[in-house]
Amino acid sequence: MPELRIDPLTGQRAIVAGERAGRPGGELSATPAPAIDPESDPFAEGHEDRTPPELYALRGEVRLMDQKVAGLDQKIDGLDHR
């Protein structure tokens, strides 16, 4: 049975009809991404020279670095977010 859901923050409405997935062509499908070549992967261990200098690292798990290009403007709503 379809249901109407309302986003409590925006008030936007959406109809969720789960049983439609059982119809022909309704199934989820995604092609797997091609494998990353370890030799050309700039984020692979040992290739640190190919990325900006890291600010923090947990070897083999996480590397934190500055962005070359900001995702957002530094000033939003009149505040400086640097």
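Below is a table of values for the structure above.
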item: Amide proton proximity set for Met65, modelled H, under 5 Å, gap of 5+; result: Leu55
item: Total formal charge among the other residues, if their Cβ is under 14 angstrom from that of Lys68, Lys/Arg +1 and Asp/Glu -1; result: -1
item: Ser29, Ser40 arranged by Cβ crowding within 10 Å, fewest neighbours leading; result: Ser29, Ser40
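None of the figures in this text is laboratory data; all of them are computed from the coordinates on show. Model, not experiment: these values are computed from the prediction. FYI the Cβ positions are ideal-geometry reconstructions off the backbone, even for glycines, and counts take in every protein chain you see.
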